[in-house]
Amino acid sequence: MDKQNMPNDGLKEPQTIYTVPHGEFSADLQTNLALIRSKLGSDRLKFKFLSVGKLNPKELVIAYLEGIAQPQLLERLITKINELKLDKLVGAGQLETLIKDFPRSLFPQFQATVKQDHAINNLLEGKFLILLEGTPVTLSAPVNFFDFFAKPDDLNYNWLFRPFIRFLRFLAMGLAIFLPALYVAIISFHFHIIPVNYLIPLAESRAHVPFPPIIEVLFLEIIIELLHESAFRFAPSLDPGIGILSVILLGVAAISTGMVSAVTVAVSMVTLIASLSLPPYDLGVSTRFFKFTALFFAALFGVLGFIVTASVTFAHLITLESLGQPYFQPLIPFKWENIIGKRGRIDGRPKSNHR
C-alpha cells in the first residue's frame with residue numbers, strides 16, 4: 001500500500017504543551033523533518049539517522065546545527081542510543097528514561113515539546129533535537145534546570161519583564177512543592193510563630209475539624225491529583241478551568257461539612273494555581289511527587305523535616321547532568337562569561353564550544 005494513501009486516523013496530535021497557539025509537529029517523521037527544513041533554512045542543519053528496536057524497528061533522527069552543537073556530545077548521544085537493546089520502543093518518554101545520565105532521578109534531563117518554534121529555538125542554542133517515528137513529541141538535550149522556566153514566547157517581552165516572569169515561575173514551583181508542607185509543619189509543631197492577631201481566627205476555623213492538619217491536606221491534595229488526571233480527558237483549553245472550578249466546589253462542600261478548615265482549602269488552592277503555571281510534563285510530574293515527599297517529612301519532623309527535604313532536593317539538583325553537562329549551569333559551576341557572553345548578551349545560557 002502506498003504510504004501516502006495509508007489511513008492515519010490514529011495518528012492524532014496529542015495536546016501535551018499548553019501555551020499560546022503555534023504550529024505543532026505531527027506523528028509523521030518525514031513531515032517533521034520537512035517542517036524543520038522549512039523553518040530553519042541553514043546549510044549547517046544536519047540530520048543523523050538511526051534505527052531503534054528489533055521486533056518493531058523505528059527510525060530515529062538527531063537534528064543539530066553543525067558548528068554550533070558540540071560534536072563530542074553528539075557522539076555521546078549516538079553511543080547511548082546504539083547501546084540500547086530493545087525489542088520495541090513505545091514513545092519518546094521511554095527513550096528518555098533509557099538514555100538519560102541519571103536514570104533513577106525524578107527530574108527530567110531531556111526537554112519534551114511538540115511545538116515547532118520551541119524545537120527550532122533549541123536547535124539555534126546548540127542543542128540536539130531527537131525525533132522519533134510515530135510520535136509528535138521531540139526531545140532536546142543537553143538542558144539545564146533553568147530551561148524549563150523559559151519559553152520562546154518570552155523573547156516577545158521587553159528585556160526588563162523576562163526576569164520578572166521567570167521569577168514568578170520559580171516562585172510557583174516553590175509554592176507547588178513546599179507550601180502544603182510548610183503549612184502542616186507550622187500548624188502541627190510551630191504554631192507559636194504565627195502572629196497573635198491571626199491565632200484566634202485560625203483556631204476558630206479549626207475548632208470543628210475532627211482531623212489533624214496532615215489528614216486535611218492529604219485529603220485535598222489527593223483529590224486535586226485525581227482532578228489533574230481526569231482533566232486530561234477534556235479539551236486542553238478547559239483543563240485549568242475545570243480543575244480550579246472543581247476544587248472550589250469541593251472546598252465549599254468540605255468546609256460546610258466540617259471536614260477541612262477554610263485555611264487548608266486556601267493553601268491547597270494556592271498550591272493548585274502554582275502547579276498550573278508549570279509544564280504539565282517535565283517538571284510538573286516531579287513537582288507533584290516531591291510535594292508529597294515534603295509533606296511526609298514535615299508531618300514527622302516539622303520545619304526541620306521541611307528544611308532537610310529542601311536541602312537534599314537542592315543538593316541532588318546540583319549533582320545532576322544532562323548529556324554530561326551540569327544541570328545547574330551557568331550558576332554551578334559559575335562562569336560569568338557564560339551568563340553575559342562576549343557580546344554582552346544576557347540570556348542565562350552557556351555558550352557552546354565552537355570546534
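Read-outs throughout are calculated quantities, based only on the coordinates presented, and are distinct from any laboratory measurement. In this text the structure is predicted, and so the values were computed from the model without any measurement. With ideal geometry, Cβ positions are generated from the backbone for all residues, glycine too; neighbour counts draw on all protein chains shown.
A compact table of results
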{"item": "Inter-site label distance for Phe211 and Phe289 at 7 Å from Cα along Cβ, in nm", "result": "2.5"}
{"item": "Relative contact order computed over segment 3-143 (Cα-Cα under 8 Å; 6+ residues apart), in percent", "result": "31"}
{"item": "Shape of segment 3-143, Cα gyration tensor, a/c cut at 1.5", "result": "rounded"}
{"item": "Environment charge of Tyr64, counting only residues whose C-beta is closer than 10 Å and scoring Lys/Arg +1, Asp/Glu -1", "result": "+3"}
{"item": "Peptides ranked, highest mean first, by Cβ atoms within 10 Å: ranges 112-121, 58-67", "result": "112-121, 58-67"}
{"item": "Exposure proxy ranking, count of Cβ atoms within 10 Å, fewest first, for Tyr327, Tyr157", "result": "Tyr157, Tyr327"}
{"item": "Cβ crowding within 10 Å averaged over residues, with 143-156, 93-106 ranked highest first", "result": "143-156, 93-106"}
{"item": "Neighbourhood net charge (14 Å Cβ-Cβ; Lys/Arg +1, Asp/Glu -1) for Leu220", "result": "-1"}
{"item": "Cross-link pairs Lys58/Lys85; Lys48/Lys100; Lys48/Lys127; Lys127/Lys151 - those with Cα-Cα distance over 22 Å", "result": "none"}
{"item": "Test item: Cα-centred dipole of segment 3-143, Lys/Arg +1 and Asp/Glu -1 on Cβ, debye", "result": "240"}
{"item": "Net charge dipole size for segment 161-323 [Lys, Arg +1 and Asp, Glu -1 on Cβ; Debye, nearest 20]", "result": "280"}
{"item": "Cα-projected label distance for Gln94 with Ser277, points at 7 Å along beta-carbon direction, nm", "result": "3.7"}
{"item": "Rounded, prolate or oblate (a/c below 1.5 giving rounded, otherwise prolate when a/b exceeds b/c) for segment 172-212 by Cα gyration tensor", "result": "prolate"}
